[in-house]
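The values are calculated or read from the model by the stated rules, or taken from the named source; none is laboratory data. Worth saying up front: this structure is predicted, and the values here are computed from it rather than measured. Please note: Cβ atoms are built from the backbone with ideal geometry, for glycine as well, and neighbour counts cover all protein chains shown. The accessibility values were calculated without ligands, DNA or RNA, using every heavy atom of the protein model including side chains. Shrake-Rupley method; radii C 1.70, N 1.55, O 1.52, S 1.80 Å.
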Amino acid sequence: MKELPIYPYVRPEEMDRPRRDPHPVAVVGAGLTGLTLALDLVRRGIPVVVLDDDNTVGVRGLASRGMVWAQRTLDIFDRLGMAGDVVGKGVRWNVGRVLCRDMAVASFTLQDQPDMRHNGFVNLQQYYLEAFLVDALMREPLAELRWLNRVAGIEPQADGPATLQVETPDGVYLCRAQWVVACDGAKSAVRGMLGLSPRVYDQTEDRWIIIDIVLRDTTWPEERWTWLDARSNHGRAVWRHKMADDTWRLDFQLRADEDPAEAATDAAMRQRVWDLLGERVEFDIAWHGVWAYRHECLDSLRHDRVLFAGDSAHLVAPFGARGGNGGIQDADNLGWKLALLLQGRAGDSLLDTYSVERKHAAMENIRQARRSSRFVYPGAARSAALWRDAIIDLAPRHAVAARMINTGRLCMPAVYPESALACGPHALAGRALPNVVLRQSDGLTLHGLLGPWFTVLVFGDALPAGVEDDDGLLRWTAVGPLCDERGRAALAHQLGQTLDGQAWLLRPDQHVMAAATPETRDPQAVQAWISAALDAPGARTAPLSEARGLYRSTGGASHAAIPATA
């Protein structure tokens, strides 16, 4: 991608005539989180309007920003039908190396995972993902992308639609929405308009400069390299990653006394790269930017009918690729809950579980990122420095010490706390279901058996008596007949036990709601369990078999689902 795409501004309908009914959902911000959420909602039958003050993807040019996409993110994108684009364009490395003072101290090799749908992660500049999402949304009749529409004011209502004041090239108009989701980034304007401030857990004056370089003729191996206390960088850290289009992401930690503006001059950046390489090679600078990190999170991610997701809800240092991946998981958690509420099958207390679960995930990301940041540069913390140096000294000779080196361990999917949506004694309750390949002949995976809403996977050859295979909100599937021999072995290995006869209840976001309890084999108990979890006192009480509609899956197939209501 040599240039970012430019999307056309279209005059909004509210500029010429008031809209009779409010939009079901207005998403503020066409970034990674907002676009993912919008695509999930329209695939579930919910019309969405997306408001963005820009007319392209990315930010400030060809900025790589997020660029390491974890296995869980690829599984989510699989469900949304765009994982193939990401994997096809992205770059994957297997070997990581850590050097300290230019001496090799540790290396690791990521093993292939042939029994999983996706093999660990992919490196790809964030603007590519956003462009893929925009392309998918432009094919959806229920999605409306409004470029150059800046939200300048908001009037929320506790029990009714919110009103947004939106500025456009044609003037100002009012946009009403039943629910507003603020995905407008770390400097969220919506958050500021509501007078909300995130709790700051820590922040640092430590600064880094990203220099994305295009280097076509290179003998560099496609590996991740991390330098601690690099001599070429004044004793500070450096990262090197390969991305698409022969582009390499270089992160240099700046000295405390270094002027960021001076460091960002063309001459200074080129010298820094040459110092690292040890030679004056030719390269182009695709983008650069100075950054510092802080850890913060809103006390609640829901404020009446306004919800916050991605960087507008929480900020975390980029160690371990926890920002973009975390925002995508926010969208994955919120989409089905908001859809069920708007379809009349859930009470709005279900949205409180979004706030609880995703704040829990954000705090875990903050804890993990803190550990990495302190290891990379302990600063004035003498005890932390001594501990780190002892580990580095032992690492070349002792595998245990090498495993303790923490330069940014890749984020793992969130494990949600115990609740009505994540319960039972099983160790996997609240965890994301591993996407195991069940059949090598056609690549059938465990996630491929899941319905658009709730699913009971029966690890055996037959379903319990009295089960409807798919009644709209709940699908039952017997896994046994669909596995080959290797698939059965992979299930036992990945899920950690013998599964014969067990039944697991899965949420629409592929997390385990409950597993291996007697109730999960009882159709009436499962339906009662789901109804209680959704807490929908105002919803109609017709049998689930009557709640049918159209859910458009990633492949365009039709699944029984519940209809959207106005």
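Specify the angular offset, from 0 to 90 degrees and rounded to the nearest 10, of the alpha carbon long axis of helix 382-394 from the longest principal axis of the alpha carbons in the chain. It works out to around 80 degrees. Label reach from ASP257 (point 7 Å along Cα→C-beta): in the range 201-243, amide nitrogens under 16 Å belong to 234-236.
Per residue, the convex hull around the alpha carbon atoms of the range 22-103 comes to 146 Å³. Rolling a 1.4 angstrom probe over the range 122-243 with all protein chains present gives an accessible area of which 45% lies on carbon and sulfur atoms. Can you tell me how the range 219-266 classifies by the Cα gyration tensor, rounded, prolate or oblate, using a/c under 1.5 as the rounded cut? It comes out oblate by the Cα gyration axes.
Based on DSSP, what percent of beta bridges with both residues in the chain are antiparallel, to the nearest 5?
Counting only bridges with both partners in the chain, antiparallel ones make up about 75 percent.
Of the peptides 393-399, 372-378, the order by per-residue mean of other Cβ atoms within 10 Å, starting with the highest, comes out as 372-378, 393-399. For the chain, the longest principal axis of the alpha carbon atoms and the long axis of helix 266-277 meet at an angle near 80°.
Scaled against the 2.2 N^0.38 Å expected of a compact globular protein of N residues, the Cα radius of gyration of the chain reads 1.00. The mean sequence distance of close C-alpha pairs (under 8 Å, at least 6 residues apart), as a share of the length of the chain, puts its relative contact order at 15 percent. Over the C-alpha atoms of the range 162-246, the Rg to Rh ratio, Rh being the Kirkwood estimate, stands at 1.19.
Multiplying each eigenvalue of the alpha-carbon gyration tensor of the range 242-326 by 5 and taking the square root yields semi-axes of 34, 16, 11 Å, largest first, rounded to whole angstroms. In the range 1-62 the Cα-Cα distances spread across 10 Å bins starting at 0 as 18, 44, 30, 7, 0 percent of all pairs.
Working note: Cα gyration tensor of the range 309-440, eigenvalues times five, square-rooted, sorted largest first, giving semi-axes of 36, 19, 13 Å. Between ALA380 and ASP135, the modelled label-to-label distance comes to 5.1 nm, taking each label 7 Å out from Cα in the direction of the beta carbon. Is the range 363-510 rounded, prolate or oblate when judged by the Cα gyration tensor, a ≥ b ≥ c being the square roots of its eigenvalues, rounded requiring a/c under 1.5 and prolate requiring a/b larger than b/c? Prolate shape, in that a/c is at least 1.5 and a/b is the bigger ratio. Expressed as a fraction of 2.2 N^0.38 Å, the value expected for a compact globular protein of N residues, the C-alpha radius of gyration of the range 284-370 is 1.25.
For HIS511, nonlocal amide neighbours, meaning residues 5 or more places apart or on other chains whose placed amide H falls under 5 Å from its own, are LEU433.
Where does helix 523-534 land angle-wise versus the long Cα axis of the chain, in degrees 0 to 90, nearest 10? Tilt of helix 523-534: around 60 degrees. When +1 charges are put on Lys and Arg Cβ atoms and -1 charges on Asp and Glu Cβ atoms, the dipole computed for the chain relative to its Cα centre reaches about 900 debye. For the range 45-166, the calculated P(r), taken from all Cα-Cα distances in 5 Å bins from zero up to the bin holding the longest distance, is 2, 9, 13, 15, 14, 14, 11, 8, 6, 4, 3, 1, 0 percent. When the alpha carbon gyration tensor of the range 147-201 is reduced to an equivalent ellipsoid, the three semi-axes, largest first, read 21, 16, 9 Å. Proximity of backbone amide H atoms, modeled 1.01 Å from N, is registered between LEU110 and VAL95, GLY96 at under 5 Å, excluding neighbours fewer than 5 places apart on the same chain. Taking all protein chains into account, the per residue accessible area for the chain stands at 41 Å² (1.4 Å probe). Take ARG388: with every protein chain present and a 1.4 Å probe, its accessible area is about 10 Å².
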